[in-house]
Each structure stands twice: as structure tokens, then as C-alpha cells.
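Here is the structure we will look at.
The values are calculated or read from the model by the stated rules, or taken from the named source; none is laboratory data. Keep in mind it's a predicted model, so treat the numbers as computed, not measured. Glycine gets a Cβ as well: all are built from the backbone with ideal geometry, and neighbour counts include every protein chain shown. Only protein heavy atoms, including side chains, enter the accessible area calculation; ligands, DNA and RNA are left aside. Shrake-Rupley method; radii C 1.70, N 1.55, O 1.52, S 1.80 Å.
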Amino acid sequence: STELPFVYRVHEDPDADRLHALEVFLAGLNMPVHLGVNPHPGILQDILTRAQDQPSRDVIRQYMLRALKKARYSEKPLGHYALAMEDYCHFTSPIRRYPDLTVHRMLKLLIDGSLNHAGKQAGRMPEIAAACSERESAATQAERQADSIMMASYMSHQLGRKYDGVVSGVTGWGLYVTL
């Protein structure tokens, strides 16, 4: 094993209180389950599979996502709960190009045998990981805002029409209904 400076994709274990709230929510939907403090991710996948043909499947999926912690970047391999892996990085979407580039650079230094010259870059890993997490969060926020604008624009021409919906959330001031 090498002490390679790296940007890891981490997804820490879920919070026990949120898991308990998920248990209560599922029991209310007649899907009793005991998750305990640290359930294997496969148990959560089984719940989604059981809910696959139910009208409430999307609400269950959303509630489950809220019970989990948000994945982020870190210079330390803190584990990836959903993938049941101790250390993980990935090369995927456009919003993750800089984390990918950072990982590529470190791998290239390792392959070239010049990892000992990576001191400056290695010292910046906490800063790089934090910046990558922040930019990902900003991109997600912008995407949600754009989606909201487009949905409002579309629905503004649908006033007076009736739709079937599923109550997906309840707050002190109203309901969330998913069409």
C-alpha cells in the first residue's frame, strides 16, 4: 500500500435517528422493517425492491435518501456506505472533472515514480476535496433551481386541470404532492 495523496468520494454511515425515522415512516406504509444502528446497504436496496410496484415508491426513495448522509469528497478514505467500500474514488460525470483530474495526476506521479515530488499537491488535498464538494453542491443547487423554474413555467399553462398525485411530504404550512 502507498500513501498516495488522493481525493476520495466518501459517503459516511447514516445517522441512527434518521434511520429510526425511516423505520417509523415505512411502518406507516405497512412496510415494517428493523434497520438497527448500522444496516448493510443491501437492506435498503431490498426495501426499494419491495416498493418497486407500489404507488408510494418515489416517496419511499426520497425519504430513504433523506435518511442517508450526503456523499462528498475527502482527502481521507472514510468509506462509502452505499457501495459498502472502505475507500472509493470514481471517474464519472462532468461536475466531477476536477476530482477526476486530481486523481489522474496522483496516479501519473505514482506510475512515473515521482510521487515524492507531489508534496505541494499532497498538502492541498483537504482544500481540493472541500472545494470539489462545495462546487458539486453549488451545481446541484443550480440544477434544482433550473428544474423549479421549468416546472413552474410548464404548470403555469395547466391551471384548472386535474391530476392524480401522491402526497410526498407534510409540513406545518402544507403538503407536497408529486404528480
Checklist entry - Taking the range 47-70 only, how many residues are assigned to a loop (DSSP other than H, G, I, E, B), modelled with pLDDT of 90 or more and open to solvent by less than 40 Å² (accessible area, probe 1.4 Å)? => result 2
Item to check | Complete set of residues in the range 1-19 that are under 19 Å from the mean Cα position of the chain (by Cα) and surrounded by 11 or more Cβ atoms within 10 Å (Cβ to Cβ) | outcome: Val7, Tyr8, Arg9, Val10, His11, Glu12, Asp13, Pro14, Asp15, Ala16, Arg18, Leu19
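Can you name the residue in the range 90-99 that is of a type outside the set (A, V, I, L, M) and open to solvent by 40 Å² or more (accessible area, probe 1.4 Å) and, of all such residues, is modelled with the highest pLDDT? Steps first, please.
Filtering the range 90-99 for residues of a type outside the set (A, V, I, L, M) gives 90-94, 96-99.
In the following step, the residues that additionally are open to solvent by 40 Å² or more (accessible area, probe 1.4 Å) were identified as 91-92, 94, 96-98.
Details: Phe91: 64, Thr92: 67, Pro94: 60, Arg96: 62, Arg97: 80, Tyr98: 83.
Within the range 90-99, the match that is modelled with the highest pLDDT is Tyr98.
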Item to check | Scope the range 112-127; condition modelled with pLDDT under 90 and part of a helix (DSSP H, G or I); matching residues | outcome: Asp112, Leu115, Asn116, His117, Gly119, Lys120, Gln121, Ala122, Gly123, Met125
Checklist entry - How many of the residues in the range 154-175 are modelled with pLDDT of 85 or more and either open to solvent by 60 Å² or more (accessible area, probe 1.4 Å) or over 30 Å from the mean Cα position of the chain (by Cα) (or both)? => result 14
Item to check | Filter result (among the aliphatic types (A, V, I, L, M), farther than 22 Å from Val59 by Cβ and touching a helix residue (DSSP H, G or I) at 6+ places or on another chain (Cβ under 7 Å)) within the range 132-179 | outcome: Ala139
Item to check | Single match in Leu44, Leu22, Leu78, Leu26 (criterion: in contact (Cβ under 8 Å) with a residue 40 or more places away in the chain, surrounded by 14 or more Cβ atoms within 10 Å (Cβ to Cβ) and assigned to a helix (DSSP H, G or I)) | outcome: Leu22
Checklist outcome for this item: Gly36 vs (1) part of a loop (DSSP other than H, G, I, E, B); (2) under 15 Å from the mean Cα position of the chain (by Cα); (3) of a type in the set (Gly, Ala, Ser): all pass except (2)
Checklist entry - Which of the residues that make up the range 29-41 are loosely packed, with under 13 Cβ neighbours inside 10 Å and more than 19 Å from His80 (Cα to Cα)? => result Asn30, Pro32, His34
